[in-house]
Each structure stands twice: as C-alpha cells, then as structure tokens.
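The values are calculated or read from the model by the stated rules, or taken from the named source; none is laboratory data. Not measured: the values here are computed from a predicted model. Cβ placement follows ideal geometry from the backbone for every residue including glycine, while neighbour counts extend to all protein chains displayed.
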Amino acid sequence: MALSSWKELPIGTIITKPGSAREFKTGDWRSQRPIWDPEKCIHCLICFIYCPDSSIKVNSEGKMTGIDLDYCKGCGICEEECPKQAIHMEIEKR
C-alpha cells in the first residue's frame with residue numbers, strides 16, 4: 001500500500017518499544033558538530049544534564065570522556081551551557 005502523505009503513517013512506526021531509540025543513529029542530521037576540549041573541561045556535567053540526545057559520554061567516575069557523534073544532532077546546547085567554554089561548535093564537513 002503506497003502512502004500519499006506523512007499523515008497516513010501509523011503512530012510509532014520506527015520506535016515501537018521503550019529503549020529502542022538507541023537502534024536508530026541520528027547524528028548524520030547534524031549541520032554542526034561539537035568539539036570538546038578536555039583541557040578546559042571541569043567535569044561539571046552541565047552539558048550531560050542539558051543534552052537532549054544523551055550524547056555526552058561519562059565514565060564510571062563521573063567524568064566526561066567525549067561526545068557520541070552517532071546520536072548528537074548538533075543543537076549547540078552543550079556549547080551554550082558549558083561554564084568553561086570547553087565545547088564549541090564547528091560546521092560539519094561531509
């Protein structure tokens with residue numbers, strides 16, 4: 001059956017069960033990418049709290065270890081919220 005409009009799509013056609021969003025990498029939607037400077041980072045994890053994509057990687061000691069670009073959509077909230085300017089956004093090069 002061919003659909004003539006997005007309005008005909010059944011609700012929840014991709015993510016159908018809790019926790020399944022991890023199966024769908026969305027990072028290639030990005031037009032900007034976050035660049036993390038570990039020298040400036042104080043591991044306050046404010047970026048982790050505000051990231052809508054759960055893209056901030058944190059180790060078992062509670063320290064930031066990087067950014068998961070497979071899921072980061074490049075919104076720039078981490079850059080905006082970082083009190084030490086340890087994250088800046090750059091244009092994505094494809």
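In table form, for the structure just shown:
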quantity: Output for region 78-94, where each listed residue is in contact with a Phe, Trp or Tyr (Cβ under 6 Å, 6 or more places away or on another chain) and surrounded by fewer than 18 Cβ atoms within 10 Å (Cβ to Cβ); calculated: E81
quantity: Residues of region 54-77 satisfying the condition of being outside any strand (DSSP E or B), within 24 Å of E23 (Cβ to Cβ) and in contact (Cβ under 8 Å) with a residue 12 or more places away in the chain; calculated: S54, S55, D68, L69, D70, Y71, C72, K73, G74, C75, I77
quantity: Lone qualifier among G62, G66, G74 - being touching a Pro at 6+ places or on another chain (Cβ under 9 Å), modelled with pLDDT of 70 or more and exposed (fewer than 14 other Cβ atoms within 10 Å of the Cβ); calculated: G66
quantity: Filtered residue count, region 17-53, keeping only those that are surrounded by 13 or more Cβ atoms within 10 Å (Cβ to Cβ) and free of Cβ contacts under 8 Å to residues at least 24 places away in the same chain; calculated: 4
quantity: Test set (1) surrounded by 10 or more Cβ atoms within 10 Å (Cβ to Cβ); (2) at pLDDT 70 or above - L9 fails condition number; calculated: (2)
quantity: Condition broken by E90, with the remaining ones in (1) assigned to a loop (DSSP other than H, G, I, E, B); (2) touching a Lys or Arg at 6+ places or on another chain (Cβ under 7 Å); (3) modelled with pLDDT of 95 or more satisfied; calculated: (1)
quantity: Qualifying positions in region 19-53 - at pLDDT 95 or above and part of a loop (DSSP other than H, G, I, E, B); calculated: D37, P38, E39, K40, C41, I42, H43, C44, L45, C51
